[in-house]
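The values are calculated or read from the model by the stated rules, or taken from the named source; none is laboratory data. For clarity, every value in this text was computed on a predicted model and none was experimentally measured. Reconstructed Cβ throughout: ideal geometry from the backbone, glycine too, with neighbour counts over all protein chains shown.
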Amino acid sequence: MRWYAYIILVLLLLPSASASLKGDLLELEDELETFTTDADIIMVQGSKIPVSLDVVMPLLRAVHPDYKGLPAYKEQELTQELREGKLILLVGGPEQSELAKHVYETGTGNAYDVEAAKILLYEADGQKFLILSDNRGFGGNLERQTSYSPLAKIMPEAYVPAAAAGTGVILLLLAKAFKGLLFKATRYWVSSKLMAHVTKKATRRRYVGTKIFGIRVKFREIAAVIFAGMLFGFGIATSYYKPGMSIVLFYGTVMIVNIAIYLSRNGARVILDKHHGAHTEFKLWPYGIFVTAITAYFGNNCALAGYVDTKEKNPKTPPGELAYKVMSISYNVFFGLWIWNFFMPRPILQMAMLISLSLCFIQMFPIAPFDGIKIYQWSKKKWWWNFIPMLALYIAVHVMSAL
């Protein structure tokens with residue numbers, strides 16, 4: 001969904017960067033014209049702008065003929081010689097640019113709110129700056145960290161999330177290809193270690209839990225959901241950080257948010273079970289636990305620790321239909337969180353966004369044991385209709401770090 005945030009940002013930036021500085025910003029026409037009169041402008045992109053925004057400056061220059069040939073630089077390329085005597089059109093707020101942070105903290109001028117963006121007309125160190133940013137550039141952002149990943153030693157850090165995600169996909173395909181050997185062997189070994197002191201396999205098959213207000217509750221299922229949430233939460237907390245927040249507080253917050261989302265998602269599922277007379281259960285997937293840990297270590301955590309098992313041989317409602325309804329709830333939660341975060345950026349909202357989107361995307365894989373295979377068998381049209389945008393959103397958010 002952050003791709004749409006990018007679209008909104010571009011729509012806001014294009015009018016403000018035109019030669020006459022008019023368009024949708026008529027209310028700022030006088031201020032902008034006065035500020036930029038006879039100015040020698042160069043465009044600079046903040047050093048912490050997400051990858052998905054890298055095309056902002058080329059788009060600005062392509063759409064506006066007067067800006068063809070206008071000097072454009074990344075912040076890292078900017079030297080004192082290049083800056084001298086120039087008005088700097090800077091894309092990125094204080095959280096996305098060290099230069100913008102310096103100007104914002106030491107300079108003077110006026111700031112204007114335009115929808116979900118801000119425009120700053122500032123002067124600092126005897127130089128003029130026109131700073132353009134969405135609200136993300138002014139605080140409340142998670143930041144990706146990949147320096148810990150072993151992949152960072154063999155490739156640029158910008159490619160680490162994509163490589164880690166690719167590793168997860170390859171391991172999933174391997175599980176499918178060798179499920180007769182690798183999957184069963186791993187499942188047997190890990191399950192025997194984890195469950196030996198809990199209950200016997202025959203007892204687990206017969207266990208149906210208890211009911212509260214007519215809703216089935218299985219304590220072993222709750223334990224599995226919490227474990228999966230903690231594992232994925234640990235991976236998210238390892239892959240991201242919030243500047244200025246202590247490690248203990250950050251990890252604790254991520255864990256709580258993650259477990260809450262896992263419990264809410266699975267709570268919605270058991271409520272739907274009651275409504276449809278179905279019987280499903282969330283179970284840990286030993287091989288998925290392994291892949292979750294590996295992808296987190298490599299720099300892009302995949303939520304693969306568990307899956308939903310259908311108990312009935314001939315259920316009244318197709319398992320794919322139930323799975324689709326649960327997925328739709330999580331998907332809508334993600335969109336709601338994105339809208340909220342776009343206008344009011346908060347780390348806790350971004351954590352919830354990452355988790356909700358990851359659960360939707362991973363579970364939509366048409367590979368057993370995930371819900372995606374059930375949805376695909378139930379309705380190929382609905383599967384494709386949802387999976388394609390999910391894939392684009394996942395790449396934008398997790399791979400391109402477009403928070």
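Out of all the residues in the stretch 256-263, is one or more assigned to a loop (DSSP other than H, G, I, E, B) and either aliphatic (A, V, I, L, M) or assigned by TED's automatic domain parsing to the domain that holds Val160 (or both)?
Among the residues of the stretch 256-263, not one is assigned to a loop (DSSP other than H, G, I, E, B) and either aliphatic (A, V, I, L, M) or assigned by TED's automatic domain parsing to the domain that holds Val160 (or both), which makes the answer no.
Condition check ((1) modelled with pLDDT of 60 or more; (2) surrounded by fewer than 16 Cβ atoms within 10 Å (Cβ to Cβ); (3) under 20 Å from Phe282 (Cα atoms)) across all residues:
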{"site": "Tyr207", "(1), (2), (3)": "no, yes, yes"}
{"site": "Phe219", "(1), (2), (3)": "yes, yes, yes"}
{"site": "Tyr241", "(1), (2), (3)": "yes, no, no"}
{"site": "Thr253", "(1), (2), (3)": "yes, no, no"}
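Having 2 or more residues that are in contact with a Cys (Cβ under 6 Å, 6 or more places away or on another chain) and either modelled with pLDDT under 85 or basic (Lys, Arg) (or both) is the bar; report the strands (runs of 3 or more DSSP E) wholly within the stretch 32-111 that clear it.
No strands (runs of 3 or more DSSP E) qualify here.
Can you tell me which residue among Val308, Val270 is under 21 Å from Val169 (Cα atoms), in contact with an Asp or Glu (Cβ under 9 Å, 6 or more places away or on another chain) and of a type outside the set (D, E, K, R)?
Val308
Scan the stretch 263-322 for residues that are closer than 28 Å to Thr238 by Cβ and among the small types (Gly, Ala, Ser) and jot them down.
Matches in the stretch 263-322: Ser264, Gly267, Ala268, Gly288, Ala293, Ala296, Gly299, Ala303, Ala305, Gly306.
Only one of Ala116, Ala165, Ala175 is at pLDDT below 70 and either small (Gly, Ala, Ser) or within 25 Å of Ala305 (Cβ to Cβ) (or both); which?
Just one listed residue meets the conditions, Ala116.
Taking the conditions exactly as written (touching an Asp or Glu at 6+ places or on another chain (Cβ under 9 Å) and not charged (D, E, K, R)), does Leu121 satisfy them or not?
Here the answer is yes, as Leu121 does meet what is asked.
Mind checking which pairs have a first residue in the stretch 145-159 that is without any contact (Cβ under 8 Å) to a residue 40 or more places away in the chain and a second that is in a loop (DSSP other than H, G, I, E, B) and not basic (Lys, Arg), Cβ under 7 Å, 6 or more apart or different chains?
Glu157/Thr146; Glu157/Ser147
Condition test on Val333, is it modelled with pLDDT of 85 or more and outside any helix (DSSP H, G or I)?
Criteria not met by Val333.
Which pairs do you get when a residue that is hydroxyl-bearing (Ser, Thr, Tyr), found in the stretch 372-396, comes within reach of a residue that is part of a helix (DSSP H, G or I) and surrounded by 12 or more Cβ atoms within 10 Å (Cβ to Cβ), reach meaning Cβ atoms under 6 angstrom, with the pair 6+ apart or on two chains?
Here the result reads Tyr376/Trp383; Tyr394/Phe361, each pair linking the stretch 372-396 to a residue that is part of a helix (DSSP H, G or I) and surrounded by 12 or more Cβ atoms within 10 Å (Cβ to Cβ).
Among the residues of the stretch 321-328, is any crowded, with 22+ Cβ neighbours inside 10 Å, within 17 Å of the chain's Cα centre (by Cα) and in contact (Cβ under 8 Å) with a residue 12 or more places away in the chain?
Yes, some residue in the stretch 321-328 is crowded, with 22+ Cβ neighbours inside 10 Å, within 17 Å of the chain's Cα centre (by Cα) and in contact (Cβ under 8 Å) with a residue 12 or more places away in the chain.
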